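The values are calculated or read from the model by the stated rules, or taken from the named source; none is laboratory data. Note that the structure is a prediction, hence the values are computed from the model and not measured. Every residue, glycine among them, receives a Cβ derived from its backbone with ideal geometry; neighbour counts consider all protein chains shown. The protein model used for the area step is the full one, side chains on, heavy atoms only, and it has no ligands, DNA or RNA in it. Shrake-Rupley method; radii C 1.70, N 1.55, O 1.52, S 1.80 Å.
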Amino acid sequence: MKQLHGKRVLITGGTGSLGKTLVKRLLTGEIGMPSKIIIFSRDEAKQFFMRMEFQKLRAATHDLVYRDCEQILDFRIGDVRDFGSVASVLRSADVVINAAAMKQVPTCEYFPYEAVRTNIDGAENIVRAIQEHTLLVETVVGVSTDKACKPVNAMGMTKALQERIFIQANMRCPATRFVCVRYGNVLASRGSVVPFFHDQIRRGGPVTITTPDMTRFLLSLDAAVDTIFAAIRTGFPGEIYVPRAPSARIVDVAAALIGTRPVEQVINGIRPGEKIHESLVSEDEAVRTVERGQWYAIQPVLAEVARYADRTNCLNREYSSADDVMSPQQTASLLEANNLLLPDNDASTLDMQPELLR
């Protein structure tokens, strides 16, 4: 039987780009058809539009996958910052995917305590509710970011602590498995660089580049969901799953999107808290990071949590976006394969295309 068959799956922050893709993939039943998918967020408008979107999807298809969509989907208003609402919604969950986050680097730099409240206190509220109310939650997946690896900004620091909270939670709540996933930039998610570049190109430029040396891992939303599903299927308690993702120079991303248009690129410097290169596995983590299919699994640093002892095939160096960078041609091909290049005749049609990641 598949892992999520008949399970009640809770997605915190479920109205975001990742949450929407997660729901669509869960409804295919590829790792089991859930009995309930609970979308938990604090934005009633986003919940309304997401509900309408899935109702249209159901009406437009004859696929039986979406037949019971309205009965399976359950929208709940609440905030991971609030212990009461977290404890209440967790009573209805067997599996939790914590996608609620403050994830924009400059915003977290200017409002660091707000990042603490969502990224750290939110994680602690989930663990505390399971522990104090002895809730029968089977698995919790914490969604993290490459910025949690050797963090230099408030967003990365709070996400790094979120990872630690969930890893140590395996000691506090031994009946629940806590795992994490960590991945890089989802380039067409809300507020990220690809839609930002699209908007600048539509306006005739210039396209603003922070520094010509900057590199980032590129990942599609479906690849992010694949990573979450892999952690649910095969992750051991306390592990962090990392996808093997391509990386590219941001100037090559901009050039591919501009194409032959007469749009200028302008270098305007690094924003507060940004790195030139990102890492998904640090040199310190590499000695306890093993290959597992298409992913790397970082084993927990706490001996009391580490139940998987095989370290015979560990990485021998940091896994950085500065390594094995794609050529400009490869970068353009990746963007084209994901339908992210602006059409010459009608740029507005891109809004309906698939997204890459943060």
Solvent-accessible area per residue for segment 205-274 (1.4 angstrom probe, square angstrom): 35
Inter-site label distance for ILE270 and VAL152 at 7 Å from Cα along Cβ, in nm: 0.3
Length-normalised contact order for the chain - Cα pairs under 8 Å, 6+ apart - percent: 15
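Given a 1.4 angstrom probe, I'd like the percentage of the accessible area of segment 178-329 that is carbon and sulfur, rounded to a whole number. Don't skip to the end; give the middle numbers.
On the way: 3160 of 6310 Å².
About 50 percent, which is the carbon plus sulfur part of the accessible surface.
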Per-pair calculated FRET efficiency, R0 = 25 Å: CYS314 and ALA337 via Cβ, rounded to 0.05: 0.20
Loop-located GluC sites (Glu not before Pro) in segment 223-301, at most 13 other Cβ atoms within 10 Å (DSSP): GLU264
Given charges at Cβ of Lys, Arg, Asp, Glu: the chain dipole, positive-most of ASN268, ALA45, GLN299: ALA45
Spacing of the two label points (7 Å from each Cα toward its C-beta) at GLU304 and ARG202, in nm: 5.3
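Quick check: residue separation of LYS56 and THR211 times 0.36 nm, minus the Cα distance between them. What number comes out in nm? Please report the intermediate quantities before stating the final value.
Working: separation 155, 0.36 × 155 = 55.80 nm, distance 4.23 nm.
Extending this stretch completely gives an extra 51.6 nm.
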Among ALA303, ALA160, ALA248, residue whose mean-square fluctuation peaks in a GNM of the chain (springs only between Cα atoms under 10 Å): ALA303
Of all accessible heavy-atom area on segment 73-158, the percent that carbon and sulfur account for (1.4 Å): 53
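May I ask you to give the average projected area over all directions of the convex hull of the Cα atoms of the chain, in nm² rounded to one decimal?
17.8
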Value of D in µm² per second that Stokes-Einstein yields for segment 96-236, Kirkwood Rh from Cα pairs, at 25 °C (0.890 mPa s): 150
Stretch gain in nm, segment GLN71-ARG172, where the contour uses 0.36 nm per residue and the Cα spacing is subtracted: 33.0 nm
Distant alpha-carbon pairs in segment 158-272 (separation over 20 angstrom), percent: 54
Simple spin-label estimate for GLU44 and PHE111 in nanometres, 7 Å along Cα-Cβ: 2.0
Segment 2-145 - accessible surface per residue (Å², probe 1.4 Å): 44
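Below 8 Å between Cα atoms, with a sequence gap of 6+, how large is the relative contact order for segment 79-223 in percent?
Working: 214 pairs, mean separation 31.4, N = 145.
Answer for segment 79-223 is 22 percent.
Please give me, ordered by residue number, the trypsin sites (Lys or Arg not before Pro) of segment 157-214 that lie in loop per DSSP and have at most 15 other Cβ atoms within 10 Å. Could you put the intermediate results ahead of the total?
Details: sites: LYS159, ARG164, ARG172, ARG177, ARG182, ARG190, ARG202, ARG203; in loops: ARG190, ARG203.
Listed in order of number, the matching sites are ARG190, ARG203.
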For LEU4, residues with placed amide H under 5 Å, excluding near neighbours: GLY32
Theoretical FRET efficiency, 1/(1+(r/R0)^6), r = Cβ-Cβ of ARG233 and SER327, R0 30 Å, to 0.05: 0.35
